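**Student:** Dumping the structure here so I can ask a few things about it.
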Amino acid sequence: MSENIKLFDISKCTGCRGCQLACKQWNQLRAKQTRMRGTYQNPPDLQPNTYLIMRFQEVEDSKGLRWYYRHQACMHCSDAACVKVCPSGALYYSAFNTVGLSHEKCIACKECVSACPFDIPRFDERTDKIYKCDMCESRIANNLEPACVKACPTGALKWGDKDRLVKAAYKRAKELGDGAYVYGDKFVDGTHLVYVLQEKPGMYAALPKSPSVPLSIVLWKDVLKPLSILAAGGVLAGSFFHYIIHGPKTPDEDTSTKTEGGE
Amino acid sequence: MKKGLIQATDWYERTVHWLLAISCIVLCITGLGMMFHSFHFLGTIVGGLKMLKHIHNFTGLLFAVALFLAIKMWWHEAGVFSMPEDLEWMMCAGGYLWEVEKVPEVGKYNPGQKMFFLAVAGFGVIMVLTGVIMWFFPIEFPAWLVRWMYVLHALGFVVIFAFFFVHLYLGTIGSPGSLDAMTTGWVTRAWLKKQHPKWLKEMEEEGTLVVSGEEKKAH
Ligand code: SF4
Ligand code: SF4
Ligand code: SF4
């Protein structure tokens, strides 16, 4: 099966929030009442019932006043820290190379929350489960594009073959010039949400400059986890050989006779 | 009870030991059940991985109490090395690994046991602290900090789990007679003489030796 990605071209986005709404609609997520906080950012952050938000930022500098609208949702990492840590298998690599989530399996350990380099998974106290974008797995399984892509009126969002879209992204960045670049294909073995961005990395709120699977997570899951079994196995084997070669330490005064043939 | 046995531990010491031991074993098993997909059947047995998590967490509280009592009780006996005997003992690995002419005499706890105690005490405290953060504040605390809590928790497991098997071996078949000290609490004189000669001498000198079938000598 060909591998698909979602491409977000920031230069084409008008911030209409159609994608955000389509996500709510398709996933049947109720909205929470929010307050006007003097910003267009609404809701203020990803929530257990908001898998996707448009990040609004107002920036004023020498180039004048500008607005950024960034489509923020799970990046669907190829090397996903959340899948690495999830003990229950609730988070998994789907048949489409995206990162799925089956709520029945989630044990609410919340390990994925701190592991994710993009701060995506959200925990719901009420249901005691984790929530995040699953790239509309039920749709892509039926050859439909994700709901957000379907809704986007400007072509800022695209869904399609990975190689083709990554190539298109580079072409677009070159067209735009002025420091535009592609974000995502080089991190965590490639994300399945790829951006074409125009501002320097680090300018965008809540977007890490060079995300990676945290070193601590690698140390924990790839080093210490196997080591725990190896060390215990080593001790068991060592004890066994100690017993048959050296022999136990018995209270008798003449143990020396029993250790003949020892080391 | 056989006559001539010597009391090595009292009921309180043994209760604390087993409280710590059992909670530690339950934590290891439930922890393994969550960490390794191949051990998920342990979760299935108790009705799901989430139940295993709850058992792990609440046993952790019991472990914390037992650990506190154990540290309080054993700190003076097993928490400090007496130099230079202990160093000499370690240099010859207590005579456990190769032939040693004369193993330095040890008291109630040999340096190996002291190291085990210190490892359990030190990493035990780390397990409790990191566990509390993992349980109660995994979202409230900064993500980078919480991630290192998992690393420390896993490191503590590596150390305690490995040491556990050393302890198990040397407390049973690796050193016959030792198990009695933690079951009935009464051990043979020969065992004491072999394992903890200095302690035997100390008790004899101080007159604190409790021998079955004999009246306890006055202090
Ligand atoms: S962005 Fe976070 S939640 Fe999404 S796949 Fe990557 S690690 Fe997992
Ligand atoms: S909280 Fe749920 S989804 Fe997240 S790591 Fe734990 S079991 Fe997996
Ligand atoms: S639907 Fe398209 S144009 Fe509208 S906010 Fe989303 S990405 Fe931007």
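The values are calculated or read from the model by the stated rules, or taken from the named source; none is laboratory data. It should be emphasised that the depicted structure is a prediction, and the values quoted were computed from it without experimental measurement. As a convention, Cβ positions derive from the backbone with ideal geometry for all residues, glycine included, and neighbour counts pool all protein chains shown. Areas reflect the complete protein model, heavy atoms only, side chains present, ligands, DNA and RNA absent. Shrake-Rupley method; radii C 1.70, N 1.55, O 1.52, S 1.80 Å.
**Student:** Name the single residue that is nearest to B:Gly48 (Cα to Cα) among those in region A:108-163 being of a type in the set (Lys, Arg) and part of a loop (DSSP other than H, G, I, E, B).
**Tutor:** Restricting attention to region A:108-163, the residues satisfying the condition of being of a type in the set (Lys, Arg) are A:110, A:122, A:126, A:129, A:132, A:139, A:150, A:158, A:162.
Narrowing the set further to residues that are part of a loop (DSSP other than H, G, I, E, B) leaves A:110, A:126, A:132.
Values: A:Lys110: 17, A:Arg126: 20, A:Lys132: 23 Å.
Going through the qualifying residues, I end up with A:Lys110.
**Student:** Continuing with the same structure: For the condition part of a strand (DSSP E or B) and assigned by TED's automatic domain parsing to the domain that holds A:Gly15, what is the one hit in A:Val196, A:Val166?
**Tutor:** A:Val196
This table checks each residue for (1) without any contact (Cβ under 8 Å) to a residue 12 or more places away in the chain; (2) within 15 Å of the chain's Cα centre (by Cα); (3) away from every other protein chain (no Cβ under 14 Å).
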| position | (1), (2), (3) |
| --- | --- |
| B:Cys24 | no, yes, no |
| B:Cys28 | no, yes, no |
| B:Gly31 | no, no, no |
| B:Phe36 | yes, no, no |
| B:Leu42 | no, no, no |
| B:His54 | yes, no, no |
| B:Leu67 | no, yes, yes |
| B:Gly79 | no, yes, yes |
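**Student:** While we're on this one: Name the residue, out of B:Leu118, B:Leu168, that is within 23 Å of B:Val65 (Cα to Cα), open to solvent by 60 Å² or more (accessible area, probe 1.4 Å) and not aromatic (Phe, Trp, Tyr). Step through it out loud before you land on a result.
**Tutor:** Values: B:Leu118 fails: open to solvent by 60 Å² or more (accessible area, probe 1.4 Å).
Going through B:Leu118, B:Leu168 in turn, the sole match is B:Leu168.
**Student:** With the requirement that a residue be farther than 24 Å from B:Phe161 by Cβ and either of a type in the set (Phe, Trp, Tyr) or in contact with a His (Cβ under 6 Å, 6 or more places away or on another chain) (or both), what does region A:198-231 give you?
**Tutor:** A:Tyr204
**Student:** A further question on this structure: If you scan region A:73-127, which residues turn out to be hydroxyl-bearing (Ser, Thr, Tyr) and near ligand 1 (Cβ under 10 Å from one of its atoms)? Full working, then the answer.
**Tutor:** First, pick out the residues of region A:73-127 that are hydroxyl-bearing (Ser, Thr, Tyr): A:78, A:88, A:92-94, A:98, A:102, A:114, A:127.
Selection gives A:Ser78, A:Tyr93, A:Thr98.
**Student:** Please find, within region A:50-91, the residue that is nearest to ligand 3 (Cβ to nearest atom) out of those that are assigned to a loop (DSSP other than H, G, I, E, B) and polar (S, T, N, Q). Spell out how you get there, then give the answer.
**Tutor:** Just the residues of region A:50-91 that are assigned to a loop (DSSP other than H, G, I, E, B), to begin with: A:51-52, A:62-63, A:73-76, A:78-80, A:86-90.
Among the residues that remain, those that are also polar (S, T, N, Q) are: A:62, A:78, A:88.
Working: A:Ser62: 26, A:Ser78: 23, A:Ser88: 32 Å.
Result: A:Ser78.
**Student:** So which residues in region A:98-122 are in contact with a strand residue (DSSP E or B) (Cβ under 8 Å, 6 or more places away or on another chain), over 16 Å from B:Pro142 (Cβ atoms) and open to solvent by 20 Å² or more (accessible area, probe 1.4 Å)?
**Tutor:** Across region A:98-122, the qualifying residues are A:Leu101, A:Ser102, A:His103, A:Arg122.
**Student:** A:Ile5: of a type in the set (Val, Ile, Thr), surrounded by 20 or more Cβ atoms within 10 Å (Cβ to Cβ) and more than 14 Å from ligand 1 (Cβ to nearest atom), yes or no?
**Tutor:** Details: of a type in the set (Val, Ile, Thr): yes; surrounded by 20 or more Cβ atoms within 10 Å (Cβ to Cβ): yes; more than 14 Å from ligand 1 (Cβ to nearest atom): no.
Criteria not met by A:Ile5.
**Student:** Determine whether A:Cys16 is touching a Cys at 6+ places or on another chain (Cβ under 8 Å) and either assigned to a loop (DSSP other than H, G, I, E, B) or crowded, with 20+ Cβ neighbours inside 10 Å (or both). Quick ask: steps written out before the conclusion?
**Tutor:** Details: touching a Cys at 6+ places or on another chain (Cβ under 8 Å): no; either assigned to a loop (DSSP other than H, G, I, E, B) or crowded, with 20+ Cβ neighbours inside 10 Å (or both): yes.
In short, no.
**Student:** When region A:84-97 is examined, which residues are found to be of a type outside the set (S, T, N, Q) and open to solvent by 30 Å² or more (accessible area, probe 1.4 Å)? Let's see the steps before the verdict.
**Tutor:** Within region A:84-97, the first condition is being of a type outside the set (S, T, N, Q), and the residues that meet it are A:84-87, A:89-93, A:95-96.
Listed by number, the residues that qualify are A:Lys84, A:Tyr92, A:Tyr93, A:Ala95, A:Phe96.
**Student:** Another question, if that's okay. More than 14 Å from every other protein chain (Cβ to nearest Cβ), over 24 Å from B:Thr130 (Cα atoms) and either among the basic types (Lys, Arg) or open to solvent by less than 40 Å² (accessible area, probe 1.4 Å) (or both): is that true of A:Ala147 in this structure? Break it down into steps so the answer makes sense when it comes.
**Tutor:** Working: more than 14 Å from every other protein chain (Cβ to nearest Cβ): yes; over 24 Å from B:Thr130 (Cα atoms): yes; either among the basic types (Lys, Arg) or open to solvent by less than 40 Å² (accessible area, probe 1.4 Å) (or both): yes.
Spelling it out, A:Ala147 is indeed more than 14 Å from every other protein chain (Cβ to nearest Cβ), over 24 Å from B:Thr130 (Cα atoms) and either among the basic types (Lys, Arg) or open to solvent by less than 40 Å² (accessible area, probe 1.4 Å) (or both).
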